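Below is one structure, written out as C-alpha cells; comments come after it.
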Amino acid sequence: MVESTMMEYPLTVTQLLRHGARVHRDRQVVTWQGDHARRVSFGDTYERIERLAQALGDLGVGEGDVVGTFCWNHQEHLEAYFAVPCMGAAVHTLNIRLFPDQLDFVIRDGGDKVIVVDDSLVGVLAQAPDALAEVEHVIVVGDGDASALGREVLRYDDLLAAQTPGYDWPDLDENTAAMMCYTSGTTGNPKGVVYSHRSQWVHTFGATAGGLNIGAGDRTLVIVPQFHANAWGLIYACWIMGSDILQPERYLQPEPLTAFIAAERPNFSAAVPTVWNGVLALGQTKELDLSSLDRVVVGGAAVPRAMIERFHDEYGIEIVQGWGMTEMSPLGTLSMPPPGLGSWEEEVDWRVKTGRVIAGVDMRIIADDGSEQPWDGKAIGEVQVRGPWITAGYHNAPDPEKFDDGWLRTGDVGVIDPKGFLQIVDRVKDVIKSGGEWISTVELENAIVAHPEVVEAAVIGVPDEKWDERPVAAVVVAAGAELTPGALSEFLQEKVARWWVPERWTFIDEVPKTSVGKYDKKVLRRDYEQGGLTIVRADD
C-alpha cells in the first residue's frame with residue numbers, strides 16, 4: 001500500500017490572514033465616507049486585527065465564543081472578519097435589515113457574547129432590548145450617540161488604542177467554527193449556518209479558481225453586504241489575491257455609490273440586481289463615469305437579459321451572473337460563456353443562464369418521483385448540491401426535510417445542460433402549474449422586464465377555477481411612463497408561450513423585498529388574498 005507523505009496542515013482563516021498581510025501588505029482597504037475615502041494598507045490592517053484580537057481577549061472572548069457584528073461594509077467590519085475567527089471564536093454577521101423580532105431571535109440563538117455595532121445603527125440594534133440584555137459587551141464603531149442602547153458601551157477606537165501590535169494566534173483545528181450567518185427568514189425564523197475554518201479556506205480557493213478572476217492589482221468594490229452570505233466570499237478572496245478592497249459603508253444609494261466608483265475607479269464589483277437597476281436608472285438622468293469597471297458579478301436573483309445588454313452597450317461592462325445560497329457559503333455557479341462563440345448575442349444567451357457549476361460543488365437534478373435526471377438541458381427537477389463548503393445542517397434547528405441522503409435540497413427548480421450550465425426556472429414554492437403545464441415565474445418576469453418602460457416585475461400564482469392556477473404580474477413602471485395590460489400582453493406575445501401571458505396585472509410603486517434584496521412574494525400573495533392589489537385584466 002502506498003501512503004501519503006504530505007504534511008498535516010490545517011486549513012484555517014489564520015493562514016489566509018498571514019498570507020495576505022505578508023505578501024500584499026501594500027494593498028489597501030478603502031472605506032468611502034460620502035465625499036472622501038479612508039485608506040489603510042493591508043500591513044497596517046493586520047496590526048489593527050492583532051489589536052482587536054487582544055482587546056476581545058481582554059473582554060473574556062475565548063475559543064468557541066461568538067462575536068456579533070451589526071455593521072456596514074467598512075474597515076472595522078473587515079478587521080472582525082479576521083480577528084474573531086483567528087482567535088478561535090466565531091464571527092456572527094447580523095443582518096441589519098431584519099425585523100426586530102427576527103433580530104432578537106438570531107442574537108439569542110447565536111449566543112452572541114459581544115456585539116460590534118456602528119454608531120449609525122445603534123437605534124436599529126436597540127429594537128432588540130431583551131436579546132441585548134444577555135450580551136456581555138457592546139462595542140460601538142464611531143463616536144456617535146449610543147444612549148438608545150440604555151447601557152454602558154465600549155468604543156472600538158479606544159479598545160484598539162489601548163493595545164499594541166503582536167498577537168500569538170492559537171493553533172486551531174480546521175473544523176473549528178469560524179463564522180455564523182443566518183438565512184433571510186422568508187418563512188419562519190431565520191436559520192443559522194455555521195462555517196468552519198476549512199469551509200472558508202476551500203470556498204476562498206474555489207471562488208478564485210471558479211471564475212471570479214480576482215488578482216493582484218485589481219480594485220474590488222464590495223457592495224454585497226458583509227452580513228449577507230459572507231459578502232459572497234469576496235473579503236477573503238481579495239485579501240489573499242492582493243486586490244484592493246473598496247467598501248461603500250452606508251453610501252449604497254445610486255448617487256453616492258457612483259461617485260465612489262468615479263473617484264476610486266474599481267475594475268470589479270458585486271451586488272444584487274436591485275443595486276444595478278438603480279445605477280441604470282440614475283444613468284438615464286445624468287452622465288455617469290463607470291469607465292473603470294470591467295466586470296460585475298450579479299446574484300441573489302435572476303439577472304434580466306435587458307440588464308446584461310444595457311451594461312454592455314451603454315458602459316462596456318461585462319455582467320457575470322452568479323448563484324448560490326447562505327447554506328453554500330455561498331458560491332455554486334458563475335455564468336462565464338464557453339469559448340469559441342461567434343457573436344455578442346451568443347454570449348448573452350449563455351450569460352443569462354444561472355451559471356456553470358464550479359469545481360468543488362457536486363450538483364444533481366431530482367424529479368418529483370425521486371429519480372436523478374440527466375444533464376441534457378431538458379429534464380427538470382429540484383436542484384440539490386453537496387461539497388466541502390456546503391452545510392450539512394442548521395444551528396440549533398434540525399431540518400431533515402432540507403437534506404436528502406447527504407445532499408442539500410436548495411428549493412430551486414432547474415435544468416442542467418451537458419456543459420454543466422444550470423438554468424433555474426423557479427423556486428419550488430413559486431412555480432405555477434396551469435392546466436397541467438408549468439410556468440416559470442423567473443422567465444416570465446425577465447420577459448416583462450425586457451420592456452424598456454418596466455423597472456421591476458414580480459409574478460405570483462393565484463387560484464383559477466378553469467386552469468387551477470394562473471399568473472398575476474405585479475409591475476413597476478418607469479417614472480413618467482404609461483403602460484396598460486394590453487400593451488404588455490402584446491409585448492410578450494413573441495417572447496413567451498402564449499398561454500404564459502397573464503390575464504391579470506397590477507401596477508405597484510415597488511416590488512416588496514426581503515432583508516437581502518430578493519423579491520418577497522409572500523407579501524404579494526398576502527396582499528392579493530386580502531384585496532390589497534388593484535387587479536386590471538388585459539381584456540378590460
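Observations on the structure shown:
- The residue 345 and residue 428 beta-carbon pair, evaluated with R₀ = 45 Å, returns a calculated FRET efficiency of approximately 0.90.
- Taking a Cβ cut-off of under 14 Å around residue 175, the surrounding Lys, Arg, Asp and Glu residues balance to a net charge of -4, with basic ones at +1 and acidic ones at -1.
- Additional length obtainable on full extension of the chain from residue 37 to residue 255, 0.36 nm per residue less Cα span: 76.9 nm
- With coordinates expressed along the principal axes, the C-alpha atoms belonging to the stretch 68-153 extend over 30, 29, 23 Å, beginning with the largest.
- The charge dipole of the chain, taken about its Cα centre with unit charges on the Cβ atoms of Lys, Arg (+1), Asp and Glu (-1) only, comes to about 460 debye.
- Extension gain, residue 313-residue 364: 0.36 nm per intervening residue step, less the Cα-Cα distance, totals 14.8 nm.
- In the chain, the DSSP-assigned H stretches of four residues or longer account for a calculated mean residue ellipticity at 222 nm of -7500 deg cm²/dmol, using -39500 (n - 2.57) per stretch and the full residue count as denominator.
- Centre separation in Å (Cα based) which lies between the stretch 4-69 and the stretch 83-120: 18 Å
- The calculated FRET efficiency for residue 3 paired with residue 437, based on their beta-carbon distance and R0 = 60 Å, is about 0.55.
- Cβ crowding within 10 Å ranks 307, 6 as 6, 307, fewest other Cβ atoms first.
- When the charge dipole of the chain is built from unit charges on Cβ atoms (+1 for Lys and Arg, -1 for Asp and Glu) and taken about the Cα centre, the candidate among 252, 292, 484 whose Cα reaches farthest toward its positive end is 292.
- For the stretch 432-537, the Cα-based Rg and Dmax, in that order, read 13.0, 39 Å.
- For the stretch 13-271: rounded, prolate or oblate by the Cα gyration tensor [a/c cutoff 1.5]: rounded
- Longest exposed-site-free window of the chain, the sites being trypsin sites (Lys or Arg not before Pro) in a DSSP loop that have at most 11 other C-beta atoms within 10 Å: 1-285
- Selection from 125, 56, 92, by position along the positive dipole direction of the stretch 13-271 (Cβ): 92
- Point-to-point label distance, residue 464-residue 487, nm (Cα→Cβ direction, 7 Å offset): 2.4 nm
- Straight-line cross-link reach from residue 495 at under 28 Å between alpha-carbon atoms covers these lysines, not counting any fewer than eight positions away in the same chain: 353, 378, 419, 429, 433, 466, 513, 518, 521, 522.
- Using Cβ point charges alone (K and R +1, D and E -1), the dipole size of the stretch 13-271 about the Cα centre works out to roughly 840 debye.
- Length available on full extension from residue 527 to residue 401: 0.36 nm per residue minus the Cα-Cα distance, which gives 42.5 nm.
- Using only side-chain charges placed at the Cβ, +1 for Lys and Arg and -1 for Asp and Glu, the dipole size of the stretch 72-163 relative to its Cα centre rounds to 180 debye.
- Seen from residue 336, the other residues with C-beta closer than 9 Å to its C-beta sum to a net charge of +2, counting Lys and Arg as +1 and Asp and Glu as -1.
- Positive dipole terminus of the chain, leading residue within 82, 425, 261 (C-beta point charges): 261
- By the beta-carbon count within 10 Å of each Cβ, the least crowded to most crowded order of 120, 243, fewest first, is 120, 243.
- Per-pair calculated FRET efficiency, R0 = 22 Å: residue 286 and residue 509 via Cβ, rounded to 0.05: 0.45
- Residue order, fewest to most beta carbons within 10 Å, for 24, 203: 24, 203
- Cα centroid of the stretch 204-244 to Cα centroid of the stretch 450-477, whole Å: 36 Å
- Secondary structure note: in the chain, about 60% of the DSSP beta bridges are antiparallel.
Each reported figure results from applying straightforward, stated rules to the coordinates on display, with no laboratory input. What you see is a predicted model; the values in this text were computed from it and never measured. Neighbour counts run over all protein chains shown; Cβ positions are idealised from the backbone, glycine included.
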